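Shown next, in structure tokens, is the structure this report addresses.
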Amino acid sequence: MSAELFPMRRAPGCPFDPPPAARAKQEEGPLARVGLWDGSTPWLVTRHAEQRALMADPRVSADITRPGYPSSAPIPPGGTSISFILMDDPEHGRLRRMVTAPFATKRVQALRPAIQRIVDDLVDELLAGPNPVDLVDAFALPVPSLVICELLGVPYADHEYFQDSSKTIVKRDVSTEQRTAAMGKLMSYLDDLVGTKMEHPADDLLSGLATRVEAGELTRSEAAQMGVLLLIAGHETTANMIALGTLALFENPDQLALLRDSDDPTLVASAVEELLRYLNITHSGRRRVATADIPVGDQVIRAGEGLIMANDIANRDAEVFPDPDRLDLRRDARRHLAFGFGVHQCLGQQLARLELQVVYSTLYRRIPTLELATDLDKVPFKHDGAVYGVYELPVRW
Amino acid sequence: MKVTVDEDRCCGAGQCVLLAPDVFDQRDEDGIVVLLDPAPRPDLHEAVREAAEVCPAAAIEIAEGP
Ligand code: HEM
Ligand code: SF4
């Protein structure tokens, strides 16, 4: 029998739940063979405990150019590597540490007033604009884009240009050529901006990188690539959590009411963790390749074999999260794997948490009658996307 | 309780600071963990245990004891 094709399909009518076939594999055991588009048969790692252990294991590589890496699409010649996300230590760590400081927990927490202002202004614009409106376009995409502009140090005059190019990368009905062109535009924009920061440094992330370019620790193009990585990794993800999270709350009105009527910051924080767990938008799994034989239970993952850690099903592992299919904003969901695990665990996670806390505690309070302006089954879900979410979310109030 | 941290392993994810800000901080220059208090008060033990549990890089070591 040939291995079942991965990614698997979600069940009709259950847009928030992982594919039933993947859950079935989880019941059977911690490892299962699955088939990929290229005919390869990597391991699907199904459970929370094994995923955690393997993602933290130095014998497991994130290097997409290694033979056996379970790539989700053909790898173009020259590789697809945008900066350190697909590299291993020590090079990964060397580059990651260059941009870690601005994402440190206390530094990020200091951005709360700035993020609150961005969110409040966007809600003002929503309320002044057309009703119904597409929440993705009018709110979910602009929030992380404006926040990253602030952090990188993109001048205000360029915000619109920056937002337009970054939207093109995530939109539906955009050809591969258009997407590649938009990436290229952003890359050269950021390259120029690093040049500007070398001449006129300010207190922002790109100026920090510019200093390292001058010190010879980094080339200017590596610095620009890091800027693009930070934008790409944080834009669609956060936007999808805002839009899909809102839809999940519409479908769970008691939970929406709980969040809207509470001014307890610990409830808001726990709601963010629970929505991250429940929705696990990075639904194509963490992809890795073993560099040595690794025993797992009574099986052995051989050196050179691919691994897919399906975090979405690990976050529904009943061993760790009782009654896992229930969205329960009060539960302690902090052990979720929505940000991955190990040394590649999301660098921007504290920023993402803060953005979501501000959004979830502002949007539904300021627009208490906010609701879906279509039927659930007419909402276009990103089944085919690298990151799960909705292409559009028509809302009214 | 005695806490130690391994700066070489740390990837600066900041989980520990989120959970126990009185015990952990991150360096200004590169976001790597700084141990503020190697012998935290008993009322912080639970948070410190959870920090060690969720640290993605296994960089926090705890020795339980008086
Ligand atoms: C809710 C929103 C977000 C989710 C669900 C998310 C999820 C993830 C996941 C699962 C990984 C691990 C990749 C792997 O192990 O292969 C990751 C890595 C990363 N994320 Fe996020 N992310 C989010 C927001 C952000 C933001 C706001 C930023 C920055 C502005 C960011 C920057 C990064 C970077 C740079 C990496 C690579 C880290 C490394 O390889 O060392 N992310 N993210
Ligand atoms: S949680 Fe672990 S990896 Fe993250 S900052 Fe603390 S010690 Fe470092």
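The values are calculated or read from the model by the stated rules, or taken from the named source; none is laboratory data. All values reported here derive from a predicted model rather than from experimental measurement. As a convention, Cβ positions derive from the backbone with ideal geometry for all residues, glycine included, and neighbour counts pool all protein chains shown. Surface accessibility is based on the protein's heavy atoms, side chains included, excluding ligands, DNA and RNA. Shrake-Rupley method; radii C 1.70, N 1.55, O 1.52, S 1.80 Å.
Every residue, every condition in (1) in a helix (DSSP H, G or I); (2) farther than 25 Å from A:Leu356 by Cβ, yes or no:
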site: A:Glu217; (1), (2): no, yes
site: A:Ala224; (1), (2): yes, yes
site: A:His235; (1), (2): yes, no
site: A:Ser284; (1), (2): no, no
site: A:Asp312; (1), (2): yes, no
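How many of the residues making up the range B:1-41 are among the small types (Gly, Ala, Ser) and more than 9 Å from ligand 2 (Cβ to nearest atom)?
Going residue by residue through the range B:1-41, those that are among the small types (Gly, Ala, Ser) are B:12-14, B:20, B:31, B:39.
This time we only want the ones that are more than 9 Å from ligand 2 (Cβ to nearest atom), so: B:20, B:39.
Here the count works out to 2.
In the range B:19-60, the residue that is nearest to the other protein chains (Cβ to nearest Cβ) out of those that are touching a residue at least 40 places away in the same chain (Cβ under 8 Å) and within 16 Å of ligand 1 (Cβ to nearest atom) is B:Pro56. Considering the range A:266-290, the residues that are within 16 Å of A:Val45 (Cβ to Cβ) and open to solvent by 10 Å² or more (accessible area, probe 1.4 Å) include one that is nearest to the chain's Cα centre (by Cα), namely A:Thr282. A count restricted to the range A:367-397 and to residues that are outside any loop (DSSP other than H, G, I, E, B) and touching a helix residue (DSSP H, G or I) at 6+ places or on another chain (Cβ under 8 Å) stands at 6. In the range A:366-378, of all residues being in contact with a Leu (Cβ under 9 Å, 6 or more places away or on another chain) and of a type outside the set (Gly, Ala, Ser), the one that is farthest from ligand 2 (Cβ to nearest atom) corresponds to A:Thr374.
In the set (1) assigned to a helix (DSSP H, G or I); (2) open to solvent by less than 30 Å² (accessible area, probe 1.4 Å); (3) away from chain B (no Cβ under 14 Å); (4) not hydrophobic (A, V, I, L, M, F, W, C), A:Asp121 fails one condition alone, (2). Contact map, the range A:47-68: residues that are more than 10 Å from A:Leu86 (Cβ to Cβ) paired with residues that are among the hydroxyl-bearing types (Ser, Thr, Tyr), Cβ distance under 6 Å, separation 6+ or inter-chain. Pairs shown: A:Arg59/A:Thr291. Condition (residue is within 17 Å of A:Met309 (Cα to Cα) and in contact with a Ser or Thr (Cβ under 9 Å, 6 or more places away or on another chain)) applied to the range A:17-24: is it met by at least one residue? Checked against the condition, which is being within 17 Å of A:Met309 (Cα to Cα) and in contact with a Ser or Thr (Cβ under 9 Å, 6 or more places away or on another chain), the range A:17-24 yields at least one hit.
Kindly indicate whether any position in the range A:374-386 is farther than 14 Å from A:Met241 by Cβ, in contact with a Phe, Trp or Tyr (Cβ under 7 Å, 6 or more places away or on another chain) and either open to solvent by less than 10 Å² (accessible area, probe 1.4 Å) or touching a residue at least 60 places away in the same chain (Cβ under 8 Å) (or both). Looking for residues that are farther than 14 Å from A:Met241 by Cβ, in contact with a Phe, Trp or Tyr (Cβ under 7 Å, 6 or more places away or on another chain) and either open to solvent by less than 10 Å² (accessible area, probe 1.4 Å) or touching a residue at least 60 places away in the same chain (Cβ under 8 Å) (or both), one finds at least one in the range A:374-386, hence yes.
Test B:Asp37 against the stated conditions and say whether it is open to solvent by 20 Å² or more (accessible area, probe 1.4 Å), at pLDDT below 95 and either in a loop (DSSP other than H, G, I, E, B) or not acidic (Asp, Glu) (or both). No: the conditions fail for B:Asp37. Screening the range A:1-118 for helices (runs of 4 or more DSSP H) wholly inside it with 1 or more residues that are away from chain B (no Cβ under 14 Å) and either more than 20 Å from the chain's Cα centre (by Cα) or buried (at least 16 other Cβ atoms within 10 Å of the Cβ) (or both) returns the ranges A:20-28, A:48-55. None of B:Cys16, B:Cys10 is assigned to a helix (DSSP H, G or I), more than 7 Å from chain A (Cβ to nearest Cβ) and buried (at least 22 other Cβ atoms within 10 Å of the Cβ) except B:Cys16.
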